[in-house]
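**Student:** The structure that follows is given in the form of structure tokens.
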Amino acid sequence: MKARILVHGGAGGWDRTPGHFEQALAACAEAALAGARALDAGGAALDAVEAAVRALEDAPVLNAGRGSYRNTAGEIEMDALIMDGATRAAGAVAAVRDVANPVSLARRVMEDTAHVLLVGPGAEAFADSMGFTRCDTSGWRTASEAAAGDTVGAVALDPAGRLAVAGSTGGVPRKLPGRVGDTPVPGAGAYATRDAAVACTGDGEAFLRLVVAKHACDAIAAGAATQAACDAALALVASLGGTGGIIAIDASGEIGAAFNTAAMPCAWVDAAGTLRTSPARPPSP
């Protein structure tokens, strides 16, 4: 299956709460359409993945932005990354608070600083300097009680052949304050090259140890089929006892997706411009 943009809403226990998978799938569909609209307007793959992930961050049913899990102190700390496959430029933020769309802040890090990753108060001060409107997260209805999914993400290919990836997360439930997972680390939770773009979700510590996203990108560059690369990378995660999911798109628009949890809601806009989604009910692990 060839596509222009592919998004996921997190691999997790979507079968635990009735109706949550359907809500997550609808959010993914809206995000894929947002990304496709960015491409239709002449935007690059970077614009598409940013638009898609912003939409995912705005969906309370997902563990990113407004749906982020709270840490053991009852606070929301968010991580995000965006990466341009054509140049390997990347920007990321970690442990940021009171920023509604961390993925857009990550893009500002990429384009307006000489750095790749800003964290905590430093990232928040940078947000202020860039004119980001701060928000009060204390009243956000988060996905913490549902324990449904993990990191959200998007991969895209634009008409010029450029690839990009973006991801965003609220981390894991009951994490220690200051914990940072794989999402904002290039090569671990997300990676993009001229050959492929990969976004991961799941047990962040396992993805960090194995540099899973780069592993999948390298496999595709070496000639592996996109789906096979996703399957092999997820098998690595499982070898450490980890669970999660992976999505990918290559330079021809071929997509792949793999997960070993109850479900991973996905949506994509194919090469013909048609919106497609994963099955309406959670598939088997």
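The values are calculated or read from the model by the stated rules, or taken from the named source; none is laboratory data. Because the structure is predicted, anything quoted here is derived from the model rather than measured. Glycine gets a Cβ as well: all are built from the backbone with ideal geometry, and neighbour counts include every protein chain shown.
**Student:** Please specify each residue of the range 54-73 satisfying the condition of being surrounded by fewer than 24 Cβ atoms within 10 Å (Cβ to Cβ), among the β-branched types (V, I, T) and touching a Gly at 6+ places or on another chain (Cβ under 8 Å).
**Tutor:** Scanning the range 54-73 gives no hits.
**Student:** So, one more: Looking at D250, D218, which is the one that is crowded, with 20+ Cβ neighbours inside 10 Å, more than 28 Å from R97 (Cα to Cα) and among the charged types (D, E, K, R)?
**Tutor:** Values: D218 fails: crowded, with 20+ Cβ neighbours inside 10 Å.
Answer to the check: D250.
**Student:** Quick one: how many residues across the range 44-84 are closer than 15 Å to S138 by Cα and either of a type in the set (S, T, N, Q) or in a strand (DSSP E or B) (or both)?
**Tutor:** Within the range 44-84, residues that are closer than 15 Å to S138 by Cα and either of a type in the set (S, T, N, Q) or in a strand (DSSP E or B) (or both) number 4.
**Student:** Please specify each residue of the range 140-177 satisfying the condition of being at positive phi, surrounded by fewer than 19 Cβ atoms within 10 Å (Cβ to Cβ) and either modelled with pLDDT under 95 or of a type in the set (A, V, I, L, M, F, W, C) (or both). Even if it seems obvious, please write down each step before you answer.
**Tutor:** Initially, the range 140-177 is screened for residues at positive phi, giving 147, 161, 171, 174.
Those left that are additionally surrounded by fewer than 19 Cβ atoms within 10 Å (Cβ to Cβ): 147, 161, 174.
Selection gives A147, R174.
**Student:** Continuing with the same structure: Tell me whether the range 98-108 contains one or more residues that are touching a strand residue (DSSP E or B) at 6+ places or on another chain (Cβ under 6 Å), in a loop (DSSP other than H, G, I, E, B) and of a type in the set (S, T, N, Q).
**Tutor:** Step one: list which residues in the range 98-108 are touching a strand residue (DSSP E or B) at 6+ places or on another chain (Cβ under 6 Å), which gives 98, 102-103, 105-107.
Filter once more, keeping what is in a loop (DSSP other than H, G, I, E, B): 98.
With of a type in the set (S, T, N, Q) added as a condition, the list becomes none.
Among the residues of the range 98-108, not one is touching a strand residue (DSSP E or B) at 6+ places or on another chain (Cβ under 6 Å), in a loop (DSSP other than H, G, I, E, B) and of a type in the set (S, T, N, Q), which makes the answer no.
Each row is one residue, and each column tells you yes or no for (1) more than 14 Å from V152 (Cα to Cα); (2) touching a Lys or Arg at 6+ places or on another chain (Cβ under 6 Å); (3) surrounded by 22 or more Cβ atoms within 10 Å (Cβ to Cβ); (4) of a type in the set (S, T, Y).
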site: E30; (1), (2), (3), (4): no, no, no, no
site: E75; (1), (2), (3), (4): yes, no, no, no
site: M78; (1), (2), (3), (4): no, no, yes, no
site: D84; (1), (2), (3), (4): yes, no, yes, no
site: R88; (1), (2), (3), (4): yes, no, no, no
site: N101; (1), (2), (3), (4): no, yes, yes, no
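**Student:** Next question. Check the range 261-268 and report whether any residue there is surrounded by fewer than 17 Cβ atoms within 10 Å (Cβ to Cβ) and of a type in the set (S, T, N, Q).
**Tutor:** no
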